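Notes follow once the structure below has been shown.
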Amino acid sequence: MSAKIHSVVLDKEKCMGCTNCIAHCPTEAIRVRHGKAYIIEERCIDCGECIRVCPHHAKKAQADSLDLLGKFDFTVAIPAPTLYGQFKDPYSIDMILTAVKALGFDEIFEAAEAADIVTDELKKLLKSKEENVPWISSSCPAVVRLIQTRYPALLDQIVRIESPMEIAARLVKKTVYPDKKNIGVFFISPCPAKITAVKNPLGSTDSCVDGVLAINDIFTLLHTKVSGLGKVEKLGRASSRGVSWARSEGESHSVEWPETVAVDGIDNILKFLEELENGKIKHVDFIEAMACPGGCVGGALTVENPYICKARIIRKAGKIEPPAESREPLKQEHESLLYMNADIPPREGMKLDPDFRKALEKMAVIEEITASLPGLDCGSCGAPTCRALAEDIVTDTARKNDCIFVLRDEIRNLTESLAELGSWMPPLLPDEEKK
Ligand code: SF4
Ligand code: SF4
């Protein structure tokens with residue numbers, strides 16, 4: 001499927017061209033030209049940073065609406081555990097899940113329950129001590145796309161186990177309700193990256209998720225439901241370790257392995273992956289990497305402060321009791337459902353030219369232009385750095401005098417030339433003087 005299917009889009013009407021977003025994009029995918037931002041689709045990883053920082057709410061995520069449920073005869077919700085942290089402590093996980101069901105779903109399968117299954121698979125992988133260590137978790141789709149775009153040399157280190165969202169959807173359709181016809185599976189998401197992971201899957205040929213609802217779109221309705229609940233159903237089945245995946249360190253602690261590390265926040269991840277690529281990270285077997293600050297609790301489609309959400313997740317996870325009845329263990333014939341079934345190829349978005357020789361030539365020109373720019377990385381040209389402007393000039397999407405300092409010098413030179421030319425002007429003829 002095309003790299004051009006994205007959930008993060010620009011509302012052009014709302015964009016004021018302020019350039020706030022360009023410096024925060026981890027793949028330099030945003031430019032501002034003619035007073036409006038635009039996203040270079042081949043580079044965007046749908047991390048949602050631009051949604052978070054735009055003061056004019058001009059960037060948004062395209063999620064599905066609850067109306068889509070009407071297309072299916074039987075519907076299952078897969079809530080991300082981050083949803084639990086959006087509600088105050090008196091609202092238990094079972095209360096929240098009962099309220100989700102009251103939105104119109106027939107059944108619930110928690111993403112956290114699938115996280116429990118992934119945890120067991122990760123433990124097996126780590127025990128096998130294969131060569132690819134350190135393994136990098138595949139649970140954050142923004143990080144997987146970041147590696148695909150900026151650090152392709154690390155692609156082989158990504159764990160080939162599917163995300164809890166996708167595993168939950170596959171199990172719902174293939175093992176839990178295999179006889180249901182026209183079944184619709186909906187993920188309730190804290191971030192745009194997971195919406196894109198469904199519309200444009202990576203590592204698997206297609207997704208078993210039929211729709212994705214954004215937490216911030218349904219929160220008000222869900223809050224009304226949860227605060228007016230009658231009977232509460234016992235719906236939670238995930239363990240406390242599965243629920244903890246909502247926050248940073250949840251996944252890495254759950255594998256109970258000594259040499260793990262948890263990195264969260266896109267800037268920290270950029271630095272960490274750079275060091276990893278340069279061979280500076282040693283003695284680590286497993287890397288949990290979450291693009292949002294604090295993990296999924298900091299997702300751009302949540303409503304609660306990430307620190308408050310994290311604290312609630314810790315408290316709610318601590319209160320979990322074992323479920324009254326457990327599901328059947330996964331049959332061996334279904335174990336392939338836990339794994340990716342396609343390659344994760346490097347993304348071409350950052351390449352200057354498919355021809356290596358031409359790319360090298362362009363690189364040399366970029367260096368030359370960069371050296372001639374002021375090096376302030378001020379963003380006023382609409383590119384995030386002077387080097388990015390140089391790249392845009394070489395790829396014919398910008399001009400050198402988009403740089404206001406270059407433009408200023410050009411105007412000054414022009415003015416001086418005009419003044420000089422003026423001083424060389426021939427004297428007026430007598431007839432002209434009378435006019
Ligand atoms: S932050 Fe970016 S998208 Fe938002 S108004 Fe400024 S330029 Fe436009
Ligand atoms: S979603 Fe992330 S990668 Fe895409 S344009 Fe926004 S900040 Fe850049």
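The values are calculated or read from the model by the stated rules, or taken from the named source; none is laboratory data. Keep in mind it's a predicted model, so treat the numbers as computed, not measured. Please note: Cβ atoms are built from the backbone with ideal geometry, for glycine as well, and neighbour counts cover all protein chains shown. For accessibility, only protein heavy atoms count, side chains too; no ligands or nucleic acids. Shrake-Rupley method; radii C 1.70, N 1.55, O 1.52, S 1.80 Å.
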Legend entry - Hits in region 111-134 (condition: buried (at least 24 other Cβ atoms within 10 Å of the Cβ) and touching a strand residue (DSSP E or B) at 6+ places or on another chain (Cβ under 6 Å)): ALA111, VAL118
Legend entry - Output for region 258-297, where each listed residue is more than 16 Å from ligand 2 (Cβ to nearest atom) and part of a strand (DSSP E or B): THR260, VAL261, ALA262, VAL263, PHE286, ILE287, GLU288
Legend entry - Identity of the residue in region 1-18, assigned to a loop (DSSP other than H, G, I, E, B) and within 14 Å of ligand 1 (Cβ to nearest atom), that ends up most open to solvent (accessible area, probe 1.4 Å): GLU13
Inset, instruction - Could you give me the residue pairs with C-beta distances under 8 Å whose first residue belongs to region 67-87 and is acidic (Asp, Glu), whose second residue is open to solvent by 10 Å² or more (accessible area, probe 1.4 Å) wherever it lies, and which are 6+ apart or on separate chains? - result: ASP73/LYS180; ASP73/LYS181; ASP73/ASN182; ASP73/ILE183
Inset, instruction - Run LEU171 past the list (1) over 20 Å from LEU69 (Cα atoms); (2) in a helix (DSSP H, G or I) and report the number of the one that doesn't hold. - result: (1)
Legend entry - Number of positions in region 406-435 that are open to solvent by less than 60 Å² (accessible area, probe 1.4 Å) and among the hydrophobic types (A, V, I, L, M, F, W, C): 1
Legend entry - Which listed residue, of THR220, THR205, is among the polar types (S, T, N, Q), more than 21 Å from ALA142 (Cβ to Cβ) and surrounded by fewer than 20 Cβ atoms within 10 Å (Cβ to Cβ): THR220
Inset, instruction - Name, by its number, the condition in (1) surrounded by 22 or more Cβ atoms within 10 Å (Cβ to Cβ); (2) acidic (Asp, Glu); (3) not in a helix (DSSP H, G or I) that does not hold for GLU166. - result: (3)
Legend entry - LEU360 being farther than 30 Å from ALA168 by Cβ and surrounded by 13 or more Cβ atoms within 10 Å (Cβ to Cβ): no
Legend entry - Sole exception among (1) of a type in the set (A, V, I, L, M, F, W, C); (2) farther than 27 Å from PRO345 by Cα; (3) open to solvent by 40 Å² or more (accessible area, probe 1.4 Å) for ALA37, by number: (3)
Legend entry - Yes/no for PRO26 being open to solvent by 50 Å² or more (accessible area, probe 1.4 Å) and either touching a residue at least 60 places away in the same chain (Cβ under 8 Å) or not in a helix (DSSP H, G or I) (or both): no
Inset, instruction - Kindly provide the set of residues from region 278-299 that are open to solvent by 20 Å² or more (accessible area, probe 1.4 Å), of a type outside the set (Val, Ile, Thr) and touching an Asp or Glu at 6+ places or on another chain (Cβ under 8 Å), ordered by number. - result: HIS283, PRO293
Legend entry - Residue list for region 336-358, filter: over 21 Å from ALA153 (Cβ atoms) and among the small types (Gly, Ala, Ser): SER336
Legend entry - Selection count, region 18-39, where residues are at pLDDT below 95 and among the small types (Gly, Ala, Ser): 2
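One line per residue, one yes/no per condition, for (1) outside the structural domain of PHE186 (by TED's automatic domain parsing); (2) in a loop (DSSP other than H, G, I, E, B); (3) touching a Cys at 6+ places or on another chain (Cβ under 7 Å); (4) among the basic types (Lys, Arg):
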residue	(1), (2), (3), (4)
ASN20	yes, yes, yes, no
VAL32	yes, no, no, no
ALA37	yes, no, yes, no
GLU41	yes, yes, no, no
GLY70	no, no, no, no
VAL76	no, no, no, no
TYR84	no, no, no, no
Inset, instruction - Of all residues in region 318-353, count the ones that are in a loop (DSSP other than H, G, I, E, B) and either at pLDDT 85 or above or not polar (S, T, N, Q) (or both). - result: 23
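On the basis of being free of Cβ contacts under 8 Å to residues at least 12 places away in the same chain and assigned by TED's automatic domain parsing to the domain that holds TYR307, does GLY211 make the cut?
No: the conditions fail for GLY211.
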